[in-house]
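What follows is a short report on a single structure.
The values are calculated or read from the model by the stated rules, or taken from the named source; none is laboratory data. Computed from a predicted structure; not experimentally measured. No Cβ is skipped: glycine too gets one built from the backbone with ideal geometry, and neighbour counts run over all protein chains shown. Surface areas here come from the heavy atoms of the whole protein model, side chains and all, with no ligands, DNA or RNA. Shrake-Rupley method; radii C 1.70, N 1.55, O 1.52, S 1.80 Å.
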Number of protein chains: 2
Amino acid sequence: MAVKVFVYWSVFLVLGFVHDSVIGRPLLIPNARRPNPDDAASFARWLVSQSSWGVLNTISNEWGGAPFGNVVSFSDGEPDKGKGIPYFYLTTLDPTASNALKDPRSSLTISEYSLGTCDKTDPENPSCAKITLIGKLKLLDGKSKDAEFGRSALFAKHPEMKSWPPGHNFEVYKLNIEKIFMINWFGGPKPLTVEQYLQAKVSAEDITF
Amino acid sequence: MAVKVFVYWSVFLVLGFVHDSVIGRPLLIPNARRPNPDDAASFARWLVSQSSWGVLNTISNEWGGAPFGNVVSFSDGEPDKGKGIPYFYLTTLDPTASNALKDPRSSLTISEYSLGTCDKTDPENPSCAKITLIGKLKLLDGKSKDAEFGRSALFAKHPEMKSWPPGHNFEVYKLNIEKIFMINWFGGPKPLTVEQYLQAKVSAEDITF
(Lines give C-alpha, C1' and ligand atoms only; values in the text may rest on other atoms or scores of the structure.)
Protein backbone atom coordinates (compact mmCIF):
# COMPACT_ATOMS: atom_id res chain seq x y z
CA MET A 1 0.00 0.00 0.00
CA ALA A 2 2.77 2.41 0.96
CA VAL A 3 4.60 1.49 -2.24
CA LYS A 4 1.45 2.18 -4.27
CA VAL A 5 1.01 5.61 -2.69
CA PHE A 6 4.69 6.32 -3.25
CA VAL A 7 4.50 5.41 -6.92
CA TYR A 8 1.30 7.35 -7.58
CA TRP A 9 2.65 10.41 -5.80
CA SER A 10 5.89 10.30 -7.82
CA VAL A 11 4.01 9.93 -11.08
CA PHE A 12 1.74 12.82 -10.13
CA LEU A 13 4.67 15.11 -9.42
CA VAL A 14 6.58 14.05 -12.51
CA LEU A 15 3.64 14.50 -14.89
CA GLY A 16 2.80 17.89 -13.45
CA PHE A 17 6.31 19.16 -13.81
CA VAL A 18 7.11 17.52 -17.15
CA HIS A 19 4.07 19.27 -18.62
CA ASP A 20 5.31 22.63 -17.53
CA SER A 21 8.95 22.04 -18.27
CA VAL A 22 8.14 21.07 -21.84
CA ILE A 23 5.75 24.00 -22.18
CA GLY A 24 8.44 26.20 -20.68
CA ARG A 25 6.26 28.31 -18.43
CA PRO A 26 6.66 28.93 -14.73
CA LEU A 27 4.28 26.65 -12.87
CA LEU A 28 2.00 29.26 -11.39
CA ILE A 29 0.90 31.06 -14.57
CA PRO A 30 -1.83 29.23 -16.53
CA ASN A 31 -1.66 29.14 -20.31
CA ALA A 32 -4.13 31.56 -21.94
CA ARG A 33 -6.53 30.15 -24.49
CA ARG A 34 -5.02 30.13 -27.97
CA PRO A 35 -7.61 31.34 -30.54
CA ASN A 36 -8.49 29.45 -33.72
CA PRO A 37 -5.81 30.29 -36.33
CA ASP A 38 -8.56 31.04 -38.86
CA ASP A 39 -9.65 33.95 -36.70
CA ALA A 40 -6.66 35.97 -37.87
CA ALA A 41 -7.41 39.22 -36.05
CA SER A 42 -8.06 37.62 -32.65
CA PHE A 43 -5.09 35.31 -33.08
CA ALA A 44 -2.78 38.20 -33.91
CA ARG A 45 -3.98 40.18 -30.90
CA TRP A 46 -3.52 37.13 -28.67
CA LEU A 47 0.04 36.60 -29.89
CA VAL A 48 0.97 40.24 -29.34
CA SER A 49 -0.69 40.54 -25.93
CA GLN A 50 0.80 37.27 -24.64
CA SER A 51 4.34 38.15 -25.71
CA SER A 52 6.70 40.23 -23.62
CA TRP A 53 9.59 40.67 -26.05
CA GLY A 54 10.42 40.66 -29.74
CA VAL A 55 12.97 41.87 -32.27
CA LEU A 56 12.57 45.51 -33.30
CA ASN A 57 14.04 46.31 -36.70
CA THR A 58 15.26 49.68 -37.97
CA ILE A 59 17.45 51.00 -40.79
CA SER A 60 20.95 51.44 -39.43
CA ASN A 61 22.67 54.85 -39.56
CA GLU A 62 26.01 53.12 -39.78
CA TRP A 63 26.64 49.70 -41.33
CA GLY A 64 25.66 50.79 -44.84
CA GLY A 65 21.95 51.12 -44.13
CA ALA A 66 21.61 47.45 -43.26
CA PRO A 67 18.37 46.39 -41.58
CA PHE A 68 19.29 46.13 -37.90
CA GLY A 69 17.35 43.91 -35.51
CA ASN A 70 17.53 44.34 -31.76
CA VAL A 71 15.99 42.43 -28.86
CA VAL A 72 13.49 44.61 -26.99
CA SER A 73 10.83 44.17 -24.38
CA PHE A 74 7.41 45.65 -25.21
CA SER A 75 3.81 45.87 -24.04
CA ASP A 76 0.49 46.59 -25.72
CA GLY A 77 -1.24 47.43 -22.45
CA GLU A 78 -1.87 46.30 -18.91
CA PRO A 79 -3.23 42.75 -18.61
CA ASP A 80 -6.80 42.63 -20.00
CA LYS A 81 -6.40 46.15 -21.40
CA GLY A 82 -4.13 45.52 -24.38
CA LYS A 83 -4.88 47.61 -27.47
CA GLY A 84 -2.61 45.77 -29.90
CA ILE A 85 -0.14 48.64 -30.39
CA PRO A 86 3.33 47.89 -29.03
CA TYR A 87 5.06 50.38 -26.73
CA PHE A 88 8.78 50.30 -26.02
CA TYR A 89 11.16 51.79 -23.46
CA LEU A 90 14.30 52.79 -25.32
CA THR A 91 17.44 54.89 -24.90
CA THR A 92 19.36 56.61 -27.70
CA LEU A 93 22.50 55.09 -26.20
CA ASP A 94 21.26 52.04 -28.12
CA PRO A 95 21.29 52.01 -31.96
CA THR A 96 17.59 51.17 -32.38
CA ALA A 97 16.26 54.43 -30.92
CA SER A 98 18.90 56.61 -32.58
CA ASN A 99 18.21 54.88 -35.93
CA ALA A 100 14.48 55.52 -35.59
CA LEU A 101 14.94 59.23 -34.90
CA LYS A 102 16.60 59.53 -38.33
CA ASP A 103 14.47 57.02 -40.25
CA PRO A 104 11.25 55.81 -38.59
CA ARG A 105 10.67 52.82 -40.89
CA SER A 106 10.53 49.80 -38.64
CA SER A 107 9.04 46.41 -37.88
CA LEU A 108 8.53 44.29 -34.76
CA THR A 109 8.81 40.50 -35.08
CA ILE A 110 7.37 38.08 -32.53
CA SER A 111 7.48 34.28 -32.46
CA GLU A 112 4.96 32.04 -30.74
CA TYR A 113 7.91 29.76 -29.98
CA SER A 114 8.80 32.13 -27.12
CA LEU A 115 5.45 31.41 -25.48
CA GLY A 116 6.16 27.69 -25.32
CA THR A 117 2.91 26.85 -27.11
CA CYS A 118 4.38 25.50 -30.34
CA ASP A 119 3.98 21.89 -29.26
CA LYS A 120 7.47 20.78 -30.21
CA THR A 121 7.26 21.87 -33.87
CA ASP A 122 10.22 23.61 -35.44
CA PRO A 123 10.25 27.40 -34.96
CA GLU A 124 10.14 27.86 -38.74
CA ASN A 125 7.19 25.48 -39.18
CA PRO A 126 4.10 27.51 -40.23
CA SER A 127 2.03 25.97 -37.44
CA CYS A 128 4.27 27.78 -34.97
CA ALA A 129 2.88 31.27 -35.39
CA LYS A 130 4.88 34.36 -36.13
CA ILE A 131 3.89 37.94 -36.68
CA THR A 132 5.66 41.01 -38.02
CA LEU A 133 4.08 44.42 -37.48
CA ILE A 134 5.41 46.91 -40.02
CA GLY A 135 5.18 50.68 -39.61
CA LYS A 136 6.83 53.76 -38.13
CA LEU A 137 8.62 53.83 -34.81
CA LYS A 138 7.87 57.08 -33.01
CA LEU A 139 9.20 58.79 -29.91
CA LEU A 140 6.34 60.03 -27.74
CA ASP A 141 6.21 63.31 -25.88
CA GLY A 142 6.92 62.20 -22.32
CA LYS A 143 4.13 64.35 -20.91
CA SER A 144 1.43 63.10 -23.31
CA LYS A 145 -1.43 60.81 -22.34
CA ASP A 146 -0.13 58.32 -24.86
CA ALA A 147 3.26 58.16 -23.10
CA GLU A 148 1.47 57.78 -19.79
CA PHE A 149 -0.50 54.84 -21.23
CA GLY A 150 2.75 53.43 -22.57
CA ARG A 151 4.51 53.63 -19.22
CA SER A 152 1.61 51.89 -17.45
CA ALA A 153 1.60 49.22 -20.12
CA LEU A 154 5.35 48.68 -19.95
CA PHE A 155 5.76 48.80 -16.17
CA ALA A 156 2.89 46.35 -15.64
CA LYS A 157 4.68 43.69 -17.69
CA HIS A 158 8.28 44.77 -17.08
CA PRO A 159 8.40 46.08 -13.51
CA GLU A 160 12.21 46.33 -13.42
CA MET A 161 11.98 49.13 -16.00
CA LYS A 162 10.86 51.46 -13.20
CA SER A 163 14.35 51.31 -11.74
CA TRP A 164 16.39 51.57 -14.91
CA PRO A 165 19.02 54.32 -14.64
CA PRO A 166 17.62 57.87 -15.13
CA GLY A 167 20.95 58.90 -16.66
CA HIS A 168 20.24 56.65 -19.67
CA ASN A 169 17.20 58.78 -20.45
CA PHE A 170 14.80 55.96 -21.35
CA GLU A 171 11.73 57.23 -23.19
CA VAL A 172 8.50 55.73 -24.47
CA TYR A 173 8.29 54.85 -28.18
CA LYS A 174 5.43 53.24 -30.06
CA LEU A 175 5.06 51.49 -33.38
CA ASN A 176 2.36 53.01 -35.58
CA ILE A 177 1.30 49.92 -37.50
CA GLU A 178 0.76 50.14 -41.27
CA LYS A 179 0.93 46.50 -42.38
CA ILE A 180 0.70 43.10 -40.71
CA PHE A 181 2.45 39.92 -41.84
CA MET A 182 1.34 36.85 -39.92
CA ILE A 183 1.73 33.12 -40.52
CA ASN A 184 -0.01 30.75 -38.13
CA TRP A 185 -0.76 27.75 -40.34
CA PHE A 186 0.15 26.30 -43.71
CA GLY A 187 -0.91 28.19 -46.84
CA GLY A 188 0.93 31.50 -46.55
CA PRO A 189 0.33 34.71 -44.62
CA LYS A 190 -3.17 35.39 -43.32
CA PRO A 191 -5.01 38.30 -44.94
CA LEU A 192 -5.36 40.83 -42.14
CA THR A 193 -5.79 44.61 -42.28
CA VAL A 194 -4.62 46.90 -39.52
CA GLU A 195 -8.22 47.95 -38.96
CA GLN A 196 -9.39 44.36 -38.47
CA TYR A 197 -6.47 43.79 -36.10
CA LEU A 198 -7.13 46.86 -33.97
CA GLN A 199 -10.85 46.19 -33.74
CA ALA A 200 -10.58 42.48 -32.97
CA LYS A 201 -12.66 41.21 -30.08
CA VAL A 202 -10.31 39.99 -27.42
CA SER A 203 -11.99 38.33 -24.46
CA ALA A 204 -10.58 38.49 -20.94
CA GLU A 205 -10.12 34.71 -21.14
CA ASP A 206 -7.60 35.15 -23.91
CA ILE A 207 -5.29 37.37 -21.99
CA THR A 208 -3.37 36.46 -18.90
CA PHE A 209 0.09 37.43 -17.89
CA MET B 1 11.72 6.25 8.15
CA ALA B 2 9.27 5.64 5.27
CA VAL B 3 7.96 9.18 5.70
CA LYS B 4 11.50 10.55 5.58
CA VAL B 5 12.23 8.66 2.35
CA PHE B 6 8.92 9.86 0.91
CA VAL B 7 9.64 13.48 1.71
CA TYR B 8 13.20 13.40 0.41
CA TRP B 9 12.12 11.69 -2.80
CA SER B 10 9.35 14.25 -3.40
CA VAL B 11 11.71 17.15 -2.79
CA PHE B 12 14.25 15.59 -5.15
CA LEU B 13 11.68 15.25 -7.92
CA VAL B 14 10.23 18.72 -7.39
CA LEU B 15 13.60 20.47 -7.34
CA GLY B 16 14.76 18.63 -10.42
CA PHE B 17 11.67 19.54 -12.36
CA VAL B 18 11.24 23.09 -11.07
CA HIS B 19 14.79 23.77 -12.17
CA ASP B 20 14.02 22.66 -15.68
CA SER B 21 10.58 24.18 -15.94
CA VAL B 22 11.94 27.58 -14.97
CA ILE B 23 14.92 27.09 -17.27
CA GLY B 24 12.51 25.99 -19.99
CA ARG B 25 14.53 23.16 -21.45
CA PRO B 26 13.44 19.59 -22.12
CA LEU B 27 14.60 17.48 -19.20
CA LEU B 28 16.99 15.23 -21.04
CA ILE B 29 19.29 17.88 -22.54
CA PRO B 30 21.79 19.29 -20.03
CA ASN B 31 22.53 23.00 -20.01
CA ALA B 32 25.80 23.81 -21.78
CA ARG B 33 28.33 25.83 -19.83
CA ARG B 34 27.78 29.56 -20.32
CA PRO B 35 31.15 31.30 -20.93
CA ASN B 36 32.35 34.36 -19.00
CA PRO B 37 30.71 37.44 -20.58
CA ASP B 38 34.12 39.15 -20.70
CA ASP B 39 35.28 36.52 -23.15
CA ALA B 40 33.28 38.16 -25.91
CA ALA B 41 34.28 35.89 -28.79
CA SER B 42 33.63 32.61 -26.95
CA PHE B 43 30.41 33.98 -25.50
CA ALA B 44 29.15 35.05 -28.91
CA ARG B 45 29.95 31.65 -30.41
CA TRP B 46 28.23 29.91 -27.50
CA LEU B 47 25.08 31.99 -27.95
CA VAL B 48 24.94 31.32 -31.69
CA SER B 49 25.69 27.60 -31.43
CA GLN B 50 23.18 27.03 -28.62
CA SER B 51 20.37 28.82 -30.41
CA SER B 52 18.10 27.18 -32.94
CA TRP B 53 16.14 30.18 -34.22
CA GLY B 54 16.30 33.93 -34.55
CA VAL B 55 14.85 36.87 -36.47
CA LEU B 56 16.37 37.40 -39.92
CA ASN B 57 16.05 40.96 -41.20
CA THR B 58 16.04 42.12 -44.80
CA ILE B 59 15.05 45.26 -46.75
CA SER B 60 11.51 44.73 -48.03
CA ASN B 61 10.76 44.94 -51.76
CA GLU B 62 7.28 46.13 -50.98
CA TRP B 63 6.27 48.12 -47.89
CA GLY B 64 8.35 51.16 -48.79
CA GLY B 65 11.73 49.55 -48.13
CA ALA B 66 10.93 48.98 -44.48
CA PRO B 67 13.28 46.69 -42.55
CA PHE B 68 11.42 43.38 -42.41
CA GLY B 69 12.08 40.84 -39.68
CA ASN B 70 11.06 37.21 -40.01
CA VAL B 71 11.30 34.24 -37.67
CA VAL B 72 13.67 31.61 -39.05
CA SER B 73 15.41 28.50 -37.85
CA PHE B 74 19.15 28.33 -38.44
CA SER B 75 22.27 26.32 -37.67
CA ASP B 76 25.99 27.08 -37.58
CA GLY B 77 26.97 23.41 -37.81
CA GLU B 78 26.38 19.96 -36.42
CA PRO B 79 26.72 19.68 -32.64
CA ASP B 80 30.41 20.18 -31.67
CA LYS B 81 31.22 21.29 -35.22
CA GLY B 82 29.72 24.76 -35.32
CA LYS B 83 31.71 27.37 -37.24
CA GLY B 84 29.76 30.44 -36.14
CA ILE B 85 28.26 31.22 -39.56
CA PRO B 86 24.49 30.82 -39.68
CA TYR B 87 22.88 28.76 -42.44
CA PHE B 88 19.20 28.98 -43.31
CA TYR B 89 16.66 26.91 -45.26
CA LEU B 90 14.45 29.38 -47.11
CA THR B 91 11.91 29.51 -49.93
CA THR B 92 11.24 32.51 -52.20
CA LEU B 93 7.55 31.96 -51.47
CA ASP B 94 8.47 33.82 -48.27
CA PRO B 95 9.42 37.54 -48.40
CA THR B 96 12.78 37.14 -46.65
CA ALA B 97 14.44 35.09 -49.39
CA SER B 98 12.91 37.12 -52.23
CA ASN B 99 14.02 40.36 -50.51
CA ALA B 100 17.57 39.08 -50.16
CA LEU B 101 17.85 38.14 -53.84
CA LYS B 102 17.26 41.82 -54.69
CA ASP B 103 19.12 43.41 -51.77
CA PRO B 104 21.42 41.16 -49.73
CA ARG B 105 21.84 43.55 -46.76
CA SER B 106 20.69 41.63 -43.72
CA SER B 107 21.07 40.89 -40.03
CA LEU B 108 20.24 37.96 -37.74
CA THR B 109 19.14 38.72 -34.18
CA ILE B 110 19.26 36.16 -31.37
CA SER B 111 18.23 36.49 -27.73
CA GLU B 112 19.61 34.46 -24.86
CA TYR B 113 16.10 34.65 -23.39
CA SER B 114 15.10 31.87 -25.79
CA LEU B 115 17.65 29.55 -24.17
CA GLY B 116 16.06 29.93 -20.76
CA THR B 117 19.37 30.97 -19.18
CA CYS B 118 18.47 34.57 -18.37
CA ASP B 119 17.70 33.78 -14.75
CA LYS B 120 14.43 35.68 -14.62
CA THR B 121 15.84 39.05 -15.73
CA ASP B 122 13.87 41.10 -18.23
CA PRO B 123 14.63 40.26 -21.89
CA GLU B 124 15.83 43.85 -22.44
CA ASN B 125 18.13 43.79 -19.40
CA PRO B 126 21.77 43.86 -20.62
CA SER B 127 22.63 40.82 -18.47
CA CYS B 128 20.32 38.80 -20.72
CA ALA B 129 22.57 38.52 -23.73
CA LYS B 130 21.61 39.40 -27.27
CA ILE B 131 23.55 39.35 -30.48
CA THR B 132 22.97 40.76 -33.97
CA LEU B 133 25.14 39.52 -36.83
CA ILE B 134 25.14 42.04 -39.67
CA GLY B 135 26.16 41.20 -43.22
CA LYS B 136 24.96 39.86 -46.58
CA LEU B 137 22.44 37.08 -46.99
CA LYS B 138 23.48 34.83 -49.87
CA LEU B 139 21.84 31.99 -51.77
CA LEU B 140 24.26 29.08 -52.14
CA ASP B 141 24.71 26.92 -55.21
CA GLY B 142 22.85 23.77 -54.21
CA LYS B 143 25.66 21.54 -55.52
CA SER B 144 28.48 23.33 -53.69
CA LYS B 145 30.36 21.93 -50.70
CA ASP B 146 29.18 24.92 -48.72
CA ALA B 147 25.52 24.06 -49.37
CA GLU B 148 26.27 20.45 -48.43
CA PHE B 149 27.75 21.66 -45.14
CA GLY B 150 24.72 23.90 -44.66
CA ARG B 151 22.27 21.06 -45.17
CA SER B 152 24.10 18.82 -42.69
CA ALA B 153 24.16 21.66 -40.19
CA LEU B 154 20.47 22.45 -40.64
CA PHE B 155 19.14 18.90 -40.73
CA ALA B 156 21.10 17.94 -37.60
CA LYS B 157 19.33 20.62 -35.56
CA HIS B 158 16.05 20.78 -37.51
CA PRO B 159 15.33 17.22 -38.67
CA GLU B 160 11.82 18.03 -39.88
CA MET B 161 13.35 20.18 -42.63
CA LYS B 162 14.26 16.97 -44.47
CA SER B 163 10.58 16.42 -45.19
CA TRP B 164 9.55 19.94 -46.09
CA PRO B 165 7.67 20.02 -49.42
CA PRO B 166 9.96 19.80 -52.49
CA GLY B 167 7.49 21.97 -54.39
CA HIS B 168 8.37 24.95 -52.16
CA ASN B 169 11.93 24.76 -53.46
CA PHE B 170 13.72 25.34 -50.16
CA GLU B 171 17.37 26.26 -50.66
CA VAL B 172 20.36 26.88 -48.42
CA TYR B 173 21.30 30.49 -47.65
CA LYS B 174 24.07 31.77 -45.43
CA LEU B 175 24.87 35.09 -43.76
CA ASN B 176 28.32 36.42 -44.62
CA ILE B 177 29.05 38.31 -41.42
CA GLU B 178 30.58 41.82 -41.63
CA LYS B 179 29.84 43.29 -38.20
CA ILE B 180 28.81 41.96 -34.81
CA PHE B 181 26.70 43.79 -32.23
CA MET B 182 26.52 41.97 -28.89
CA ILE B 183 25.41 43.02 -25.41
CA ASN B 184 25.87 40.52 -22.59
CA TRP B 185 26.41 42.78 -19.57
CA PHE B 186 26.07 46.40 -18.54
CA GLY B 187 28.32 48.96 -20.21
CA GLY B 188 27.32 48.82 -23.87
CA PRO B 189 28.16 46.49 -26.75
CA LYS B 190 31.26 44.31 -26.44
CA PRO B 191 34.09 45.14 -28.84
CA LEU B 192 34.31 42.10 -31.09
CA THR B 193 35.66 41.75 -34.63
CA VAL B 194 34.40 39.15 -37.04
CA GLU B 195 37.87 37.63 -37.12
CA GLN B 196 37.98 37.23 -33.34
CA TYR B 197 34.51 35.70 -33.45
CA LEU B 198 35.30 33.17 -36.17
CA GLN B 199 38.56 32.13 -34.55
CA ALA B 200 37.24 31.82 -31.00
CA LYS B 201 38.15 28.66 -29.15
CA VAL B 202 34.97 26.77 -28.46
CA SER B 203 35.38 23.68 -26.30
CA ALA B 204 33.19 20.61 -26.71
CA GLU B 205 31.89 21.27 -23.19
CA ASP B 206 30.39 24.54 -24.34
CA ILE B 207 28.23 23.03 -27.03
CA THR B 208 25.45 20.57 -26.58
CA PHE B 209 22.16 20.33 -28.35
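Computed values, structure above
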| item | result |
| --- | --- |
| Distances in nm from B:SER152 to the matching label points in the other copies, shortest first (labels 7 Å along Cα to Cβ) | 5.8 |
| Protection proxy ranking, peptides A:43-52, B:144-153, average beta carbon neighbours within 10 Å, highest first | A:43-52, B:144-153 |
| Residue-averaged beta-carbon neighbours from other chains (10 angstrom radius) around A:69-77 | 6 |
| Point-charge dipole on Cβ atoms (K/R +1, D/E -1) for segment A:55-202, about Cα centre, debye to 20 | 320 debye |
| Per residue, in Å², the accessible surface of segment A:55-202 once ligands and nucleic acids are set aside, probe 1.4 Å | 42 Å² |
| Residue mean of other protein chain beta carbons inside 10 Å, A:94-106 | 2 |
| Cross-link reach list, aspartates and glutamates versus B:LYS162, counting only Cα pairs under 16 Å and skipping chain neighbours closer than eight places | A:ASP122, A:GLU124, B:GLU78, B:GLU148, B:GLU171 |
| Relative contact order (percent, whole number), segment B:55-202, Cα cutoff 8 Å, 6+ residue spacing | 27 percent |
| Protection proxy ranking of B:107-116, A:90-99 - average other beta-carbon atoms within 10 Å, highest first | B:107-116, A:90-99 |
| Rounded if a/c under 1.5, otherwise prolate or oblate - segment A:55-202, Cα gyration tensor axes | prolate |
| For residues of A:155-165, the mean tally of beta carbons on other chains within 10 Å | 2 |
| Within the accessible area of segment A:55-202 (1.4 Å probe), percent carbon and sulfur | 52 percent |
| Entries of B:LYS143/B:LYS179; A:LYS136/B:LYS81; A:LYS130/A:LYS201; B:LYS83/B:LYS130; A:LYS174/B:LYS201; A:LYS190/B:LYS81 with Cα pairs more than 30 Å apart | A:LYS136/B:LYS81; A:LYS174/B:LYS201; A:LYS190/B:LYS81 |
| Net lengthening on full extension, A:ASP80/A:THR92 (0.36 nm per residue, minus Cα-Cα) | 1.3 nm |
| At 7 Å out from Cα toward Cβ: B:LEU198 inter-copy label distances (nm, ascending) | 4.7 |
| Placed amide H near B:ASP76: partners under 5 Å, 5+ positions off or other chain | B:TYR87 |
| J(HN,Hα) series, segment A:41-51, from Karplus relation 6.51 cos²θ - 1.76 cosθ + 1.60, nearest Hz, glycine and proline x | 5, 5, 5, 4, 5, 4, 4, 5, 6, 7, 8 |
